[in-house]
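Here is the structure we will look at, set down as structure tokens.
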Amino acid sequence: MRVLRAFLLVLAFAALQPALAFEPVAVGRTQVRFATLDEARTELARDDEWVAATSDFERALIAKASRPVSRAEFREVMARNAVEWTNEDVARWRAAVEGAAPRLVELRLPLPRTVTLVLIDGTQPGNVPHTRGEAIFIPRGFAMAPGADAAVMAHEFFHVSSRANPRLASRIYGLYGFEPAAPLQWPHAWLGLNLTNPDAPQNRHALTLEHEGRTVRVMPVLVAKHTQPSPTDFIFSVLDVRLLVLAPPEPGAPSRAQLQGTEPQWLPAYRTPAYFQRTGGNTRYLHHPEEIAADNFMLLASGRPAPNPGLLRQLETLLREAANQEQDK
């Protein structure tokens, strides 16, 4: 009887360990949870706006397939990326969330009531942290400089916040020169070449800049350099960030490319100095206004030095004003 009782106590103690390890972290009123394996698979398999925006080529590239991959099959492939949290993984990312939390609360970043952290095997997309819905996906073994995990969390929490608060996100994008635009009608000449960012899969903002003596209105887009990848290719190895020159807007019509013959006019984002200058000069992560904004928020939250600190002060002011306006409703 004593042996049985001892055995049952051991089982009970063992059963408590995952619950203790998976205790959520409070960020103000937000509970940050560590997903179970089943929850992780569900989050990865969601049929959300990112999955809907992916092209046949992108799905095949991520799935490492040599043939077209349907959305349904793609979701199954994504679900297989889920892995279970270990005590070591939880300890690392709990510390990161706790390190970021005081500034997230102080800066009054609006967050949903629950944010879920999902651990993935790191095979795709791009083997970097990213978000979908109210979940942050973290590749196991993701390497960062010592002490940088909290900054990574600040960047990812911004994505979750902006997705839940699109009007505020648009106001923040305005700090970096972007204005709302009609959703992009993808250029016919580039059909099948579109790539997407899970953090911001839509193209709905544009900015105006001066380039070689002319004023152009552009929209940053992600384009595949080719559609015949090698087995070792992944998203970032085929990705090209282009500034698509837009035709003059028409009421009620989508944003369209300015054509030269049948080809869209575009500028290379990372070789167009005016783009870097126009977006404030604080980050080289220029894929999308969402990434520019998230990196600026990361700098603000982490206290890291920035080339344009005035822009960070404007961001802080905007966040506080938005929080006060929401409180007064």
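The values are calculated or read from the model by the stated rules, or taken from the named source; none is laboratory data. Just so we're clear, the structure is a prediction, and the values are computed from it rather than from any experiment. Virtual Cβ from ideal backbone geometry, glycine too; neighbours counted across all protein chains shown.
Applying the criterion of at least 1 residues that are hydroxyl-bearing (Ser, Thr, Tyr), in contact with a helix residue (DSSP H, G or I) (Cβ under 8 Å, 6 or more places away or on another chain) and crowded, with 16+ Cβ neighbours inside 10 Å to the helices (runs of 4 or more DSSP H) found wholly in region 218-324 leaves 273-278, 289-302. Give just the number: which of (1) surrounded by 15 or more Cβ atoms within 10 Å (Cβ to Cβ); (2) farther than 24 Å from Ala164 by Cα; (3) of a type outside the set (Gly, Ala, Ser) does Val51 not satisfy? Every listed condition holds for Val51 apart from (2). Of all the numbered requirements in (1) in contact with a helix residue (DSSP H, G or I) (Cβ under 8 Å, 6 or more places away or on another chain); (2) modelled with pLDDT under 95, Ala45 misses one, and that requirement is (2).
Is there a residue being surrounded by fewer than 16 Cβ atoms within 10 Å (Cβ to Cβ) and in a loop (DSSP other than H, G, I, E, B) anywhere in region 149-165? No. Counting only helices (runs of 4 or more DSSP H) wholly contained in region 46-138, the ones carrying 3 or more residues that are of a type in the set (Lys, Arg) occupy 87-106.
There is no residue in region 182-190 that is at pLDDT below 95, surrounded by fewer than 19 Cβ atoms within 10 Å (Cβ to Cβ) and not assigned by TED's automatic domain parsing to the domain that holds Val32. Listed by first and then second residue, the pairs with beta-carbon distance under 7 Å, at least 6 apart or on different chains, first residue in region 90-109 and closer than 13 Å to Ala301 by Cβ, second part of a helix (DSSP H, G or I) and among the hydroxyl-bearing types (Ser, Thr, Tyr), are Leu109/Ser161.
Of the residues making up region 198-217, just one is free of Cβ contacts under 8 Å to residues at least 40 places away in the same chain, of a type outside the set (D, E, K, R) and assigned to a loop (DSSP other than H, G, I, E, B), namely Gly213.
The requirement of being in a loop (DSSP other than H, G, I, E, B), of a type outside the set (A, V, I, L, M, F, W, C), in contact with a Pro (Cβ under 6 Å, 6 or more places away or on another chain) and closer than 27 Å to Arg59 by Cα is not satisfied by Gly141.
Entry remark, region 40-83: residues being touching a strand residue (DSSP E or B) at 6+ places or on another chain (Cβ under 7 Å) and not hydroxyl-bearing (Ser, Thr, Tyr) number 11 in total. Taking region 70-91, which residues are closer than 21 Å to Phe157 by Cα and surrounded by fewer than 14 Cβ atoms within 10 Å (Cβ to Cβ)? Scanning region 70-91 gives a single hit, Ala91.
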